[in-house]
Amino acid sequence: DRVSTQSTGAVLPAMASIEIKLSRFDRVYRAGDVVSGVVVINDPKGFSYKQITVDMEGAIGLQLSAKSVGLFEAFYSSMKPVTIVNKRVVLSNDGKCARGVSQFEFSLELSTDSELNETYHGVYINIQYTLCAEVVMGAMKKNPKKSIEFIVEAPVRTNPNLTLTQSPHQTPLPLLNERATPSPSPHPNQESKTVAVKPAKLNIVPANVERVHKGSIPDFRVCGRVDNLNCDLRKPFTGEIIVDKCDDPGLASIDLQLIRIETCGCSEGVAREATEIQSVQIASGDVCQGEQWVLPIHMYFPRLFTCPTMSSRNFKIEFEVNVVVKLANGMVIAENFPLHLFRQGEVGAAKGEGGNSTRARRRGA
């Protein structure tokens, strides 16, 4: 005669359910915003409780997956999650839920003494913010819980046009449970500044091929440009590619790969893993050749799976783009471009407006 909640498997009275509804449909918040909503309890009979609470939790931690091997397994046991924010609000004490639907409003300010990190779902590193509603029952009864994730955006409030952090495989990363900061770390008293554009040229020729397993290298040249390697997460990654020439057997495809590089360090050593986030096909088949035939590059950064470039003393999150040229004979040539991702702050936005500023402009338009 009892059912379990989907989030934790805790027991509620027969046919009862617990749900968290946020006031924002997109669940996107920024530092200083108030996270508000209601806890909805639906019960056909009613029941008594001792307390109803809502906890706001944010943490940075390692997570294991099917691909986790070697040092990452050792890191998982030695590196503890780093708490970003931890708050609780009590909604009700010693009460009773009547038959039908009962609602309890809540509000929590998204603030912390240090810098908030943006939500990120990686293969090994995870930055997550959750709300957890708990109903404290009487003795000998399990406390039902319901959790929901909300998304945090961390815009930069400084000029990110600085030298990027040193390559992770050049510097050891000792295990220290310190907070991660965007690279470079922002200063709260500085105003948002425009990031300098950092273009790059693309030039893939036979000289780029380091080794060939079989067959000869055809004469080819794929050139072009990338508009900016300092990328605002709100805007697309753009550029253009030109197939200047390509002898037989010709091209098979041109792809754009977005790569995440997650680096972790502990007493056992340093592990660095590069995994693909997404791949966008720019061209398929033996396309037209010549400078007059321009292939556009236009790729958006996926939410949750990308975040501002981060660096701390125990882990790093970095991103790269590979332009991959596949020839019809099976040969693959790629050119790599390291990226510096950031989220530009809104100029003139008041504290606390955060995620509301963009929506306000849309309503005004």
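Results, tabulated for the structure shown:
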quantity	calculated
Charge tally in the Cβ shell below 13 Å around D286, where Lys, Arg are +1 and Asp, Glu are -1, D286 excluded	0
From the C-alpha gyration tensor of the range 264-313, square roots of 5λ in Å	37, 14, 10
Within-14-Å neighbourhood charge of D244 [Cβ basis; K, R +1; D, E -1]	-1
FRET efficiency, 1/(1 + (r/R0)^6) with R0 45 Å, evaluated for N93 and A196 via beta carbons	0.25
Highest average packing first - 282-288, 311-317, Cβ atoms within 10 Å	311-317, 282-288
Sites E320 and F25 - FRET efficiency at Förster radius 45 Å, r taken between beta-carbons, to 0.05	0.85
Per-residue HN-Hα couplings for the range 306-321 [Karplus 6.51, -1.76, 1.60; θ = phi - 60°; Hz; x = Gly/Pro]	10, 7, x, 4, 10, 8, 9, 7, 10, 6, 9, 10, 10, 9, 9, 10
Nonlocal amide H pairs with V156, under 5 Å, H built at 1.01 Å	R343, Q344, G345
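Quick note: the coordinates plus some simple rules give every number you see, no bench work behind them. It should be emphasised that the depicted structure is a prediction, and the values quoted were computed from it without experimental measurement. As a convention, Cβ positions derive from the backbone with ideal geometry for all residues, glycine included, and neighbour counts pool all protein chains shown.
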